[in-house]
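Single-structure report; data block below.
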Amino acid sequence: MNLQYALLKDTSWQSQVNWQLPDTPFMSFAFWQALIDTQAIGERAGWLPIFVLVYRTESMGHEATNDTNIEPVDISQAVAVMPVFVKDHHRGEFVFDHAWAQAYARYGLDYYPRLVTSSPYTPITGQRLWLAAGETLDADIVKTAMAGVDNIAQQVGASSWHGLFVTPTLAKLATSLMPANNVSDPAQITHTDIEALTANNPILERQGCQFLWQNIDLKGHQPFTDFDAFLMTLTAKKRKNIRAERRKVTAQGIRCVRKCGDEITEADWKTFYHCYVMTYAVRGQQPYLKEAFFMALAKEMPEHLFLAQAYNENDEIIASSLFLYDTPHSKNATLYGRYWGALGEYDSLHFELCYYQGIEFAIEQGLTYFDPGTQGEHKLIRGFVPTKTHSLHRIYDPRFVPAIADFCAKDRLHMAHYRQQAHDALPFNTDNMPEFTDLD
């Protein structure tokens, strides 16, 4: 395949090609446009986007991988687009490399700017390239896109590139492209060596752990019929604990309501945003996203929105939890728990509104998975299975590559051990204990 890349700073390419539907709502153009329009991404937010457009060229003499564009770019021949952000901070990423920045600082070097490919503010595994209709992600596409990333890094003086929460397919393709170079003594590398060595720097992989609920009764190999059917797959002690938590919510005079899409009123959105802001306010922080962002989602993609609300005895909303979800009954359709907030402290309400209401909704809608978001071993004991996540990292100064590569290798081993321990602690009974398949 003869591919070339171009670096673009706007999104005009979106309307000129027939693109495949993304694998999650967070890579939909509507979601990204809401981020752009409300300045959640952009130069002011410290998320400056550049789009690496990979396109097919008829030139047969060589495989072009530059952005000089002596000939006009034929966007109609686009194969894929990878978003790349130029950043001078780590906010909204959820895969942290602060220690690497500190290491650079100790040697008097600047770790910023750095490049990031992700769905902003969203720790959800998914595709990180938009693919044209009929295309399949392969090594040629990834290699060409990474050549564009390297070009951006050279232009802006970036220390590194980070691909966050990528799919296993992209992780495998990317890490196989560039094997580790043979640097026996990094301290002996001179500045004149750096440019030559950079082209051979590996793409490193880190692995993490998130917790994923699965809508299947392993004993009968069928989706659950209701919440009680799910509870029956747990040990008696865990069933008792979850039922006790749900009774505590009811005992406080709280009732929960679920609304989808156009059922969510403007007043609901305003109250939700008040709750969302409180999540940050209690930590002395400002929220990443504006009310206008959520209103844009309500207008442009209501079919992917589900809101769980908690009302007190005075019929006042005291907490809200907003989810996004894939088209029901589609392959691997997933519910994504994303934004939560409460106007006060209520016993067990977070578990009810963010987990149990989500599980009930996933069962009702025929969704296969429920991804409640990052972190939290408290999810484990409520039936959420530990799942491997992947991130990719390319360090452009080869003097730092051996130490960071060693860190990534040791961290992968540590996280694999953690996922095994977490799996062993799952609350399922013998007939419904999922097999541990967390293997490379």
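Tabulated data for the structure shown
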item	result
Additional length obtainable on full extension of the chain from residue 88 to residue 246, 0.36 nm per residue less Cα span	52.5 nm
Burial ordering of 394, 255, fewest other beta-carbon atoms within 10 Å first	255, 394
Calculated FRET value between residue 281 and residue 14, using beta carbons and R₀ = 35 Å, to 0.05	0.50
Fewest-first sequence of 225, 24, 235 by Cβ atoms within 10 Å of each Cβ	225, 235, 24
Distance between modelled label sites at residue 270 and residue 29, nm, 7 Å Cα→Cβ extension	3.3
Exposure proxy ranking, count of Cβ atoms within 10 Å, fewest first, for 274, 393, 350	274, 350, 393
The stretch 261-310: trypsin sites (Lys or Arg not before Pro) in DSSP loop, at most 14 other beta carbons within 10 Å	283
Selection from 289, 6, 136 lying farthest towards where the dipole of the chain points positive, charges on Cβ	289
DSSP-assigned coil residues among trypsin sites (Lys or Arg not before Pro) in the stretch 83-188, each with at most 14 further Cβ atoms within 10 Å	91
Loop-located chymotrypsin sites (Phe, Trp or Tyr not before Pro) in the stretch 397-440, at most 14 other Cβ atoms within 10 Å (DSSP)	436
Zone residues, the stretch 377-398, relative to residue 421, backbone N less than 11 Å from point 7 Å out along Cα-to-Cβ	none
Residue range of the chain that is longest and free of GluC sites (Glu not before Pro) which are both DSSP loop and sparsely packed (at most 13 other C-beta within 10 Å)	59-312
Virtual spin-label span in nm between residue 263 and residue 107, 7 Å along Cα→Cβ	5.6
Among 204, 380, 401 the positive-end extreme of the charge dipole of the chain (Cβ point charges)	380
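Bear in mind these aren't lab numbers, they're just calculated from the coordinates by the rules spelled out. Only a predicted model underlies this, so the values are computations on that prediction, with no experimental measurement involved. Neighbour counts run over all protein chains shown; Cβ positions are idealised from the backbone, glycine included.
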